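Encoded as structure tokens, the structure appears first; notes follow it.
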Amino acid sequence: MLQDPFLLNRHQATELYLIRHGDAIPGADEIIPSGIYDDLPLSKEGREQAQKVAERLKRVHFDAVYSSPLVRCRQTAAPLLEYLQLTPTIVEDLKEIHSSDLANVPPLEDPQDLELLSKLLHSRQMETASLAAYQGHWDGLTNDETSKGFRQRVVNAMDKIVEDHIGERVIVFCHGGVINAYAAEVLGLERDFFFPTVNTSITIVRANPETRVLYVLNDISHLF
């Protein structure tokens, strides 16, 4: 029988702080037309969010930092890493699910209409997230991997981080779909996507090879 089923003793588990990246849908004054939009940098709002989460966590001790390789995650991590003086380990398997529906935007009649392009990027993000929310998975989109395959990739990556850091606190900069998939696994849910992960929200899980416990979900108090 487990002596500590809720992992109240942090030293018997890895404490994961999962941070979603900041906003990465640029306004018309920042957008660069390219036709592919799956690795955008942070917007002005996203940079402000990254600074706010950095101020929130700068006095918390972390033993290691991990990040998705995508630009929006690495830029979200940057202000906090300046305070912590840590170098992130980049993990490919922490990337968001790859979907042509997310990466591509239909060509505009006027390629220089940047205001319309920005609006299209916003509406595309809302539409794809809404579809995943209604269905509880990503298989309604045009993906390079199945929703369950994506979830297993994410869980495997998190399990490896947990295994390497028992007794330590680790921060992971990643994506809304990634956090949904891992939190769903922690909670034993069938759905791969079940809550609206806010930009720079904090989700905290304690885990070891025997059990996982969700402590905090979608904390955004630093944004107010």
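The values are calculated or read from the model by the stated rules, or taken from the named source; none is laboratory data. Note that the structure is predicted; figures quoted are calculated from it, not measured. Cβ placement follows ideal geometry from the backbone for every residue including glycine, while neighbour counts extend to all protein chains displayed.
Points worth noting:
- Taking the criterion of being surrounded by 15 or more Cβ atoms within 10 Å (Cβ to Cβ) and within 14 Å of E185 (Cβ to Cβ), the residues of the stretch 153-167 that qualify are R153, V154, V155, A157, M158, D159, I161, V162.
- Within the stretch 46-91, the set of residues being among the aliphatic types (A, V, I, L, M), in a loop (DSSP other than H, G, I, E, B) and free of Cβ contacts under 8 Å to residues at least 60 places away in the same chain comprises L86 only.
- Count of residues meeting criterion [modelled with pLDDT of 70 or more, surrounded by fewer than 12 Cβ atoms within 10 Å (Cβ to Cβ) and outside any helix (DSSP H, G or I)] in the stretch 103-135: 2
- Taken together, the criteria place T146 among residues that are without any contact (Cβ under 8 Å) to a residue 24 or more places away in the chain, of a type in the set (V, I, T) and either farther than 27 Å from D29 by Cβ or touching a Pro at 6+ places or on another chain (Cβ under 7 Å) (or both).
- The set of residues in the stretch 136-152 being crowded, with 16+ Cβ neighbours inside 10 Å and either among the basic types (K, R) or under 17 Å from L16 (Cα atoms) (or both) consists of R151 alone.
For (1) closer than 26 Å to L84 by Cα; (2) without any contact (Cβ under 8 Å) to a residue 60 or more places away in the chain, each residue gets a yes or a no:
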{"position": "F150", "(1), (2)": "no, yes"}
{"position": "V154", "(1), (2)": "yes, no"}
{"position": "E168", "(1), (2)": "yes, no"}
{"position": "A181", "(1), (2)": "no, yes"}
{"position": "F193", "(1), (2)": "no, no"}
{"position": "V198", "(1), (2)": "yes, no"}
{"position": "S201", "(1), (2)": "yes, no"}
{"position": "A207", "(1), (2)": "yes, no"}
{"position": "L217", "(1), (2)": "yes, yes"}
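- Just so you know, in the stretch 55-101 the residues that are polar (S, T, N, Q) and at pLDDT 95 or above include one that is nearest to D164 (Cα to Cα), and it is T89.
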